[in-house]
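K.L.:
Dropping the structure in here first, questions after.
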Amino acid sequence: MEGDKAHQGPSATRSSVKKIDDNSVATMSEDVGKMTIQQAQQSQDQSIIREQIAQAVGSESAALLELRHSIDKGYGLFAATDIKRGTCIFKEAPLVLITHGASESAETVFYVSQQVSKLCPNQRRAYRMLHKAIESTKSPVSRIMYDKFAGISSRVDINNAGQRKIDDFATFKTNAFQVRLNKGIGTAVFLAHSRLNHSCSPNGHQSCNEREGLQMLHATRDIIAGEEITVTYTSLVRTWSQRAAELRRWGFACTCNSCQGAGASASKLRRERMFDIDQAIAFDNCPDPMMRATSRPKYTLPTPIAGKLAWVEELAKLCGEEGLVVDQLNAYRECPKRYVELGKLDEALAFAGQVLQLHRVCYGNNYIPNSGAGLWISKLKYLIEKQQKATALAQGQLLYQERLTTDEAAHWVGKKAWAADKKVKKRAKRAIKAAAEKAGLTTEEAETLLAGIDTEKLTVVAEKLKGEGDIEKVKSIIAELSS
Ligand SMILES: C[S@@+](CC[C@H](N)C(=O)[O-])C[C@H]1O[C@@H](n2cnc3c(N)ncnc32)[C@H](O)[C@@H]1O
């Protein structure tokens, strides 16, 4: 094959040059010249883009990245080394930021152009090198403005300036996304983030660190060197056709594994089910009665909490099967509160732990926004401790009660035995006194003798004296047994 190529290439060119006329030769050499100029331009552009990205993300992060062409996708960012799940691949400040709301209006076109004009020349050049999706250049406002500027054809400079504004706006539309700022919401374009291509099964997650004012990218899976780093441009808990419709905005049809790979049909079914459950959860969480009345989803969650939980856990499982870490995290977020409703605090705590762990993968270790994962955990720990204390108290009270009952029972048994013993001894005393008097002792003598007998021996003495009439014998029995 190699030989064939080498043979056909140069000799074929040479023989065709002989047959064609001078004009054609000139055109061909111009083409070759253009190719080299184009290639030189492309390589110069790449160096500028790389340099600007390195400046935007810092040298440490830049070492993890490689900018190259991705088949049918334009530029893309690739892993230059193995990257571990949870790594913050890079974070970056906005290049262009609009805080006025980014509606499709002439006003937004103006703000964008104003921001771009404020950039230093290299940054402006890098901004203008960003991709412009054809769809973005066809927006209604661009068309209106284009017609307006095209009308003033005699004033070329104004026309060019107008075209530049439209182009800058198209770049903005292709690459900007919403960011959370300390004082509200903005729309921003970033140099490095703009080079990330989409996948419906991405290995990266973009999030905004409000505190630092930086847009971060975390690896949601282990990424191997040479692998493309991808993010999502759309919600992934959506059906294939819903995603495809949204991605048309950027002018491409996704060819990732979930859309066209070997497992695409299984993935499609899973995403449909995920969409249905997600809608049912959103409906269940919606407090607005108007909304609830007007937008009922295909399915609603079952009423018993245990049934709801089964659905939520099914969604989390499906997200896991699809490798969608952020969506799995969102599904897990639903679990702790529902387990609390069920009174199962230990399960709630286990899920809150999962939430925190996945949160760290997607958002990093030291940035826990208001998602409440940490808050949930401390609240649940407090509740569990309280519950454990209450259980221990209840158990203590139960034991105490049992003990009281046992003691009381023992007390009654003892009291009864004591009374019975007293009766026996009384009877024995009466028998001894009667036997003594019968033998001829006076009442005082009989009582004195009785007082000398050990109470424990009264029954024995009484038994021995039974039928005894001799005074001396009575006295000796008593004396013998009393000692
Ligand atoms: C924000 S840019 C991404 C970087 C861009 N590839 C570049 O060269 O700068 C968005 C554009 O990238 C291309 N793109 C992104 N993801 C793609 C994908 N999965 N398949 C094909 N093209 C894609 C589309 O042209 C889209 O309009």
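Derivation of every value follows stated rules applied to the coordinates shown; laboratory data play no part. Keep in mind that this is a model prediction, so the values were computed, not measured. Methodologically, a virtual Cβ is constructed for each residue, glycine included, from the backbone with ideal geometry; neighbour enumeration extends over all protein chains shown.
K.L.:
Counting every Cα pair in the chain, what percent are over 29 Å apart?
P.N.:
69 percent
K.L.:
Okay, next question. Answer rounded, prolate or oblate for region 263-369, using the Cα gyration tensor with square roots of eigenvalues a ≥ b ≥ c: rounded when a/c is under 1.5, else prolate when a/b is larger than b/c, else oblate.
P.N.:
Judged from the Cα gyration tensor, region 263-369 comes out oblate (a/c at least 1.5, b/c at or above a/b).
K.L.:
Now, a different point. Helix-only mean residue ellipticity at 222 nm, the chain, DSSP H runs n ≥ 4 weighted -39,500 (n - 2.57), per residue, nearest 500. What is it?
P.N.:
Counting only the DSSP helices, I get -21000 deg cm²/dmol.
K.L.:
Right, here's the next one. State the extension gain, in nm to one decimal, for the chain segment bounded by Ser265 and Thr448, taking 0.36 nm per residue of separation less the distance between their alpha-carbons.
P.N.:
Between Ser265 and Thr448, full extension yields an extra 54.7 nm.
K.L.:
Going through the cross-link list Lys308/Lys379; Lys423/Lys464; Lys91/Lys308; Lys132/Lys268, which pairs have a Cα-Cα distance over 28 Å in this structure?
P.N.:
In this structure, Lys91/Lys308; Lys132/Lys268 lie more than 28 Å apart at Cα.
K.L.:
Could you tell me the extents of region 378-430's C-alpha atoms along the three principal axes, largest first, rounded to whole Å?
P.N.:
77, 8, 5
K.L.:
Given Cα pairs under 8 Å that are at least 6 residues apart, what percent is the relative contact order of region 263-369?
P.N.:
Relative CO of region 263-369 lands at 19 percent.
K.L.:
Now, a different point. In nm, give the distance between the simple-model label positions of Ala310 and Trp418, each being 7 Å from the Cα along the Cα-to-Cβ direction.
P.N.:
If labels sit at Ala310 and Trp418, their model points lie 6.2 nm apart.
K.L.:
Would you mind ranking Met216, Met274 so that the residue whose beta carbon has the fewest other beta carbons within 10 Å leads the list?
P.N.:
Numbers: Met216 21, Met274 26.
Sorted ascending by nearby Cβ count, the order is Met216, Met274.
K.L.:
Further, regarding this structure: What is the calculated FRET efficiency for Ile185 to His411, with r their C-beta to C-beta distance and R₀ = 60 Å, to the nearest 0.05?
P.N.:
That pair, Ile185 with His411, gives E of 0.20.
K.L.:
Hey, rough spin-label estimate for Lys457 and Ser70, points 7 angstrom out along Cα→Cβ, what's it come to in nanometres?
P.N.:
About 10.9 nm, to one decimal.
K.L.:
Going highest first, how would you order 285-296, 315-326 by mean Cβ packing within 10 Å?
P.N.:
Working: 285-296: 9.9, 315-326: 20.1.
Sorting 285-296, 315-326 by mean packing, highest first, produces 315-326, 285-296.
K.L.:
With unit charges on the beta carbons (Lys and Arg positive, Asp and Glu negative) and the dipole taken about the Cα centre of the chain, which residue among Ser47, Ser267, Gly452 sits farthest to the positive side?
P.N.:
Farthest towards the positive pole: Gly452.
K.L.:
Would you calculate the separation in nanometres between label points at Asn160 and Lys475, each defined as 7 Å from the Cα along the Cα-to-beta-carbon direction?
P.N.:
Roughly 15.4 nm, to one decimal.
K.L.:
Computed FRET efficiency, Cβ-Cβ of Glu51 and Leu375, R0 56 Å: what is it to the nearest 0.05?
P.N.:
The computed FRET efficiency comes out at 0.85.
K.L.:
Grab the beta carbon distance between Glu246 and Gln388, set R0 = 60 Å, and tell me the FRET efficiency rounded to 0.05. Mind showing how you got there, number by number?
P.N.:
Working: r = 49 Å, r/R0 = 0.81.
Computed FRET efficiency for Glu246 and Gln388: 0.80.
K.L.:
What percent do you get for the relative contact order of region 397-483 when only Cα pairs under 8 Å and 6+ apart count?
P.N.:
On the way: 60 pairs, mean separation 26.0, N = 87.
About 30 percent, as a whole number.
K.L.:
Which three semi-axes in whole Å describe the equivalent ellipsoid of region 416-482, each the square root of 5 times a Cα gyration tensor eigenvalue, listed largest first?
P.N.:
20, 11, 10
K.L.:
Let me ask you something else. With axes computed from alpha carbons, what is the tilt in degrees of helix 264-285 against the longest principal axis of the chain, rounded to the nearest 10 within 0 to 90?
P.N.:
Helix 264-285 and the main axis of the chain meet at about 60 degrees.
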